[in-house]
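Report on one structure; see the data block that follows.
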């Protein structure tokens with residue numbers, strides 16, 4: 001296995017950007033369309049928590065948010081950010097998600 005020279009790679013990247021700016025190089029462009037997550041209802045959040053058989057405090061600890069935040073989500077007074085919603089939806093589909101994360 002050969003050792004990477006990160007500094008040389010960064011400098012090469014900067015050279016490529018400079019060449020692109022003056023029209024000497026065409027850089028590859030990739031468009032990524034954002035995927036929208038399914039709607040996460042307060043009932044779905046409660047359902048995931050009940051299926052895991054944990055309290056709000058434990059659930060909040062698992063997703064690393066304050067207990068009051070989970071309470072607001074479950075009461076529909078606020079919605080989880082996309083990162084938390086994705087984690088909850090993953091847990092809904094794959095109940096062992098938190099066990100797997102805990103093993104990291």
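Please treat every number below as a calculation from the coordinates, not as lab data. The structure displayed is predicted, hence computed values, not measured ones. As a convention, Cβ positions derive from the backbone with ideal geometry for all residues, glycine included, and neighbour counts pool all protein chains shown.
Of the labelled figures [x] 47; [y] 13; [z] 17, only one reflects percent of Cα pairs over 25 Å apart as derived from the coordinates, namely [x]. What is the distance in Å between the Cα centres of the stretch 37-104 and the stretch 12-26? The distance from the Cα centre of the stretch 37-104 to that of the stretch 12-26 comes to 45 Å. Decide, for the stretch 42-96, between rounded, prolate and oblate: order the square roots of the alpha carbon gyration tensor eigenvalues as a ≥ b ≥ c, take rounded if a/c falls under 1.5, and otherwise choose prolate if a/b is larger than b/c, else oblate. Rounded is the answer for the stretch 42-96, as its axis ratio a/c remains below 1.5.
Counting 0.36 nm for each residue step from residue 101 to residue 58 and taking away their Cα separation leaves a gain of 14.0 nm. Adding -39500 (n - 2.57) for every DSSP H run of four residues or longer, then dividing by how many residues the chain holds, sets the calculated 222 nm ellipticity at -17500 deg cm²/dmol.
Simple spin-label estimate for residue 12 and residue 39 gives 5.0 nm between the two label positions (7 Å along the Cα-to-Cβ direction from each Cα). Result for the chain in a Gaussian network model with C-alpha springs under 10 Å: among 69, 36, 91, the largest mean-square fluctuation is at 36.
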